[in-house]
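Structure record follows, encoded as structure tokens.
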Amino acid sequence: MEKVYAGKTVGVDKEGYLTDLSQWNAAIAMEIAKEEGVELTAKHFEVLSYLQDQQRKEVALSIRSIGKSGVVDIKQFYELFPKGPLKIASKMAGIPKPKSCI
Amino acid sequence: MEDKSKFPVKKVLFICSKATLESVYACFIMANGARMEGIESEIFFTFFGLEAIQKNKLDHLHVATVGNPAMHMPTMIGGLPGMEALATKMMKSKMEKLDIPPVGEFLEIMVASGVKIWACKLAMEMFDLKREDLIDDVEDILTVGDFYGRAEGQGTQIIFI
């Protein structure tokens, strides 16, 4: 599947997660954020960039590991992405939907 | 986009009534998982479930080896000294590998994630427990009526574990 974000056509899965991280850019993140009703700040981008790094290292993400990352604590993570932080942040970061249950 | 015609779950209230490790984890994983989906989530600890929020007990919960057919061991063997400790140790090491936190840390994660923790007033009285026996993160001690009051609103589910 394909979707146009910020004038760029990107590959997405059926839930709207980017299928190729190399197609990601900040404008895409901002447009996904708008769909989710979130206004992105520098802190948001710091978290997104951390998630992308983890994805490149093929580390599975969990709320626990993000809380220990030093980038953001769990409370703040929920404040930044209130409607389901791990899923929504992953979508904005252009990485696959997390499979973790914790 | 939220599809309103589907009446999504908005809030889940869990009643944690047992203190075996497997019941407590079932409750915690479900409650935490709700928050991860942006669903409001609260836990009401009652009866033996209160052990999971007692400062001096929460890190010493055990797996039940007796009366648990899924352990696939004869009840007599499950009852031997040390069996519960052994089964518990095995389960804890497996969980650590899956990045499932220990009970104390799990409670901290849930509270940071916005899960509200309540204790049952009647059960507190039954076990002669005081507020200071419980972890500081307990929001309040509630009656059953107070708890039901928290269930108002469309899209709320109550789950007894």
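The values are calculated or read from the model by the stated rules, or taken from the named source; none is laboratory data. Here the structure is a predicted model, which means the values were calculated and not measured. Methodologically, a virtual Cβ is constructed for each residue, glycine included, from the backbone with ideal geometry; neighbour enumeration extends over all protein chains shown. For accessibility, only protein heavy atoms count, side chains too; no ligands or nucleic acids. Shrake-Rupley method; radii C 1.70, N 1.55, O 1.52, S 1.80 Å.
Based on protein heavy atoms only, the stretch B:1-41 ends up with 48 Å² per residue of surface accessible to a 1.4 Å probe. Sorting the Cα pairs of the protein assembly as shown by distance into bins of 10 Å, from 0 upward, gives 6, 26, 29, 22, 12, 4, 0 percent per bin. Magnitude of the charge dipole for the protein assembly as shown, about its Cα centre and with charges confined to Cβ atoms of Lys, Arg (+1) and Asp, Glu (-1), is about 560 debye. Taking all Cα pairs closer than 8 Å and separated by 6 or more residues, the relative contact order of the stretch A:2-93 comes to 27 percent. Straight Cα distances below 16 angstrom link residue B:130 to the aspartates and glutamates B:51, B:139, B:140, with same-chain residues fewer than 8 positions distant left out. As a length-normalised measure over Cα pairs under 8 Å and 6 or more apart, the relative contact order of the stretch B:93-161 settles at 26 percent.
Applying the Karplus relation 6.51 cos²θ - 1.76 cosθ + 1.60 with θ = phi - 60° to the stretch A:82-88 yields 3J(HN,Hα) values of x, 8, x, x, 5, 5, 5 Hz, where x marks Gly and Pro. Each distinct pair of alpha carbons in the stretch B:79-153 adds a 1/r term; the inverse of their mean, the Kirkwood radius, is 15.1 Å. For the stretch A:2-18, 3J(HN,Hα) computed residue by residue from phi via the Karplus equation (6.51, -1.76, 1.60; θ = phi - 60°) reads 10, 9, 9, 10, 6, x, 10, 8, 10, x, 9, 8, 5, 9, x, 7, 4 Hz, glycine and proline entered as x.
Comparing mean-square fluctuations of B:80, B:142, B:13 from a GNM of chain B with C-alpha springs under 10 Å, the top value falls on B:80. Per-residue 3J(HN,Hα) values for the stretch A:71-78, derived from phi via the Karplus relation 6.51 cos²θ - 1.76 cosθ + 1.60 with θ = phi - 60°, read 7, 7, 8, 4, 4, 5, 4, 5 Hz in sequence order (x marks Gly and Pro). Protein heavy-atom accessible surface, 1.4 Å probe, per residue over the stretch A:2-93: 50 Å². Here the Gaussian network model covers chain B, with springs between Cα atoms less than 10 Å apart; of B:137, B:146, B:99, B:99 fluctuates the most. Ordering A:11, A:41, A:76 by Cα displacement along the dipole of chain A toward the positive end leaves A:76 in first place; charges were set at the Cβ atoms of Lys, Arg (+1) and Asp, Glu (-1). So, in Å, what gap is there between the alpha-carbon centers of the stretch B:1-52 and the stretch A:1-73? Taking the Cα centre of each part, the stretch B:1-52 and the stretch A:1-73 sit 27 Å apart. Residues of the stretch B:84-105 that lose at least 20 Å² of accessible area (1.4 Å probe, protein heavy atoms only) when the other protein chains are present, relative to their chain alone, are B:99, B:105. Between B and A, roughly 1400 Å² of accessible area is buried in total, ligands, DNA and RNA not counted and the probe set to 1.4 Å. Here the relative contact order of chain B, from alpha carbon pairs under 8 Å that lie six or more residues apart, stands at 34 percent.
Measuring against 27 Å, Cα to Cα, the residue pairs A:75/B:6; A:57/B:57; A:97/B:18; A:57/A:97 contain A:75/B:6; A:57/B:57; A:97/B:18 as the ones spanning a longer distance.
Solvent-accessible surface of the stretch B:99-161, taken per residue with a 1.4 Å probe and all protein chains present: 53 Å². Taking the square roots of 5 times each eigenvalue of the Cα gyration tensor of the stretch B:21-161, largest first, gives ellipsoid semi-axes of 27, 18, 15 Å. Kirkwood hydrodynamic radius computed over chain A comes to 13.5 Å, based on all pairs of distinct alpha carbons.
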